[in-house]
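Report on the structure given below.
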Amino acid sequence: MTYVAFPSSKELDFTAIGRLCIDLNANEINRPMEQTSTFTKYVGGSPANITIGLSRLGLKTAFIGKIADDQMGRFIEDYLTRNGIETGNVVTDRTGAVTGLAFTEIKSPTDCSILMYRDNAADLKLTPGEVREDVIARSKMLLISGTALAASPSREAVFLALDYAKKHGCVIAFDLDFRPYTWTSAEETAVYYNLAAEKCDIILGTREEFDMMERFEQNPERSDQVTASKWFRHSAQIVIIKHGKDGSIAYTKDGQEHRAQTFPAKVVKTFGAGDSYAAGFLYGLMQGWTLEKSMEYGSAAACIVISSHSCSDAMPTSAQVDDYIARCERGEITAN
Ligand SMILES: Nc1ncnc2c1ncn2[C@@H]1O[C@H](COP(=O)(O)OP(=O)(O)OP(=O)(O)O)[C@@H](O)[C@H]1O
Ligand SMILES: O=C(O)C[C@@H](O)[C@H](O)C(=O)CO
């Protein structure tokens, strides 16, 4: 059964728009930030991580975003280029904006948090005029990410990208990627998330992210089924609701539910699970696999990333995902 049809004639498989930033991940893990002295620098930001993931899996990818005119901005652009991602629509800020920094605290494999430095962040300065229609026109899929909706002009840039995607028959995926620190009001957050989600074919989020969007609605049981059915009255064909190590459920417009197994992992830290899951899942969907197989691939990719120190750098290749699944089947990997 095919739930979304990707336009086969287009040259780029995947384009994402949104946040490009830096992760500084604690080297001394299993302790609070106060006791951490050194960090390793990686490219970060959910849509960047997903694009890197899809490029590692072998797809032709591009990114639309804005970087600071400094060493961090140049590091990000260089990393994307070295990973085979087209950066012609990554523009450089000239107003003195800075690169967003995410310091990660790894207190234990299940207790992780992120300390953000995002004042005057360059990624939120992307203007509608800087979004190139031709890049979206050449893409089979556009991915948007919620954080880019948090402020103008990046918010309007994303809505224009959605219009271009609709015009050019691009499949649209929305990773909700709700980061509370970027937003100022709960009402504003829900309004813009809902406006964007109405236009998307595939919506991926956690139960908590959908709860945030449902603040004006009735879903007292926090039912995934009720959540998904709302979006099928708009553009959605697939709604995925993620539940951490308990797995994920994909709902489809034909009323079906699809579940996939999760895999054991020796977890180092939890962040990056959602981004690697999205990369693996969207890759499978583009290969024409079943939803179950695509979700399983996402789950295995997530296990690889949460067992590693980084998010972007740890994004696996197909060979690594296949190998992980095979080792799990042979009982060689157990959870910690
Ligand atoms: N501890 C775990 N063990 C095995 N698989 C996991 C674990 N945590 C997450 N996963 C896999 O990753 C997928 C996505 O994880 P999760 O629901 O935590 O997303 P998320 O909250 O968006 O992640 P992030 O922490 O990156 O924001 C899950 O559906 C599951 O397949
Ligand atoms: O920008 C953030 O919010 C942090 C990300 O850079 C980080 O890579 C992450 O949390 C991945 O989900």
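Read-outs throughout are calculated quantities, based only on the coordinates presented, and are distinct from any laboratory measurement. Being a predicted model, the structure only gives us computed values, none of them experimental. Neighbour counts are summed over all protein chains in view; Cβ atoms, including those assigned to glycine, are modelled from backbone coordinates with ideal geometry.
Full extension of the chain between PHE75 and GLN320 yields a length gain of 85.6 nm, computed as 0.36 nm times the residue separation minus the alpha carbon distance. Once both labels are positioned 7 Å from their Cα atoms along Cα-to-Cβ, the gap between MET33 and GLU332 label points is 3.8 nm. Candidate cross-link partners of LYS230 among the lysines, defined by an alpha-carbon separation under 22 Å and a same-chain spacing of 8 or more, comprise LYS166, LYS199, LYS242, LYS253.
Take each peptide in 253-264, 230-241, count the other Cβ atoms within 10 Å of every residue, and average; sorted highest first, the result is 230-241, 253-264.
What is segment 172-330 by shape, rounded, prolate or oblate, if you read a ≥ b ≥ c off the alpha carbon gyration tensor as root eigenvalues and call it rounded for a/c under 1.5, prolate for a/b larger than b/c, and oblate otherwise? Prolate shape, in that a/c is at least 1.5 and a/b is the bigger ratio. Bridges between two residues of segment 197-336, per DSSP, are antiparallel at a rate of about 60%. Can you find, among GLN71, VAL131, ILE29, the residue sitting farthest towards the positive end of the charge dipole of segment 1-141, where Lys and Arg contribute +1 and Asp and Glu -1 at Cβ? My answer, from the dipole projection, is VAL131.
Sum up the charges of everything whose Cβ sits under 9 Å from the Cβ of PHE14, counting Lys and Arg as +1 and Asp and Glu as -1, but leave PHE14 out. Net charge in that neighbourhood comes out at +1. Looking at segment 263-336, the GluC sites (Glu not before Pro) that sit in a DSSP loop and have at most 13 other Cβ atoms within 10 Å of their own Cβ are GLU332. For segment 19-54 versus segment 224-279, the spacing of their alpha-carbon centroids is 24 Å.
I need MET33, MET72 ordered by Cβ neighbour count within 10 Å, fewest first.
Details: MET33 14, MET72 20.
Ascending number of Cβ neighbours within 10 Å: MET33, MET72.
Normalising the average separation of contacting C-alpha pairs (under 8 angstrom, six or more residues apart) by the number of residues puts the relative contact order of the chain at 17 percent.
If we count other beta carbons within 10 Å of each Cβ, what is the order of MET1, MET213, fewest first?
Working: MET1 8, MET213 24.
Ranked by crowding around the Cβ, least crowded first: MET1, MET213.
Note on VAL226 and SER8: the model spin-label points, each 7 Å out from Cα along the C-beta direction, lie 4.3 nm apart.
Given a cut-off of under 8 Å on Cα pairs at least six residues apart, what relative contact order in percent is computed for segment 238-334?
Numbers: 152 pairs, mean separation 25.4, N = 97.
Taking the mean separation of contacting Cα pairs over the length of segment 238-334, I get 26 percent.
What is the order of LEU24, LEU80, LEU149, fewest Cβ neighbours within 10 Å to most? Display every interim value, and only then the final one.
On the way: LEU24 19, LEU80 25, LEU149 28.
Fewest-to-most ranking of LEU24, LEU80, LEU149: LEU24, LEU80, LEU149.
Seen through its C-alpha gyration tensor, with square-root eigenvalues sorted a ≥ b ≥ c, the chain comes out rounded because a/c lies under 1.5. Per-residue extension of 0.36 nm, minus the Cα-Cα distance of PHE216 and TYR117, leaves a gain of 32.6 nm for this segment. The relative contact order of segment 145-278, computed from alpha carbon pairs under 8 Å that lie at least 6 residues apart in sequence, is 19 percent.
For LEU126, the residues whose amide H sits under 5 Å from its own are SER154, ignoring neighbours fewer than 5 places away on the same chain, with H placed 1.01 Å from N.
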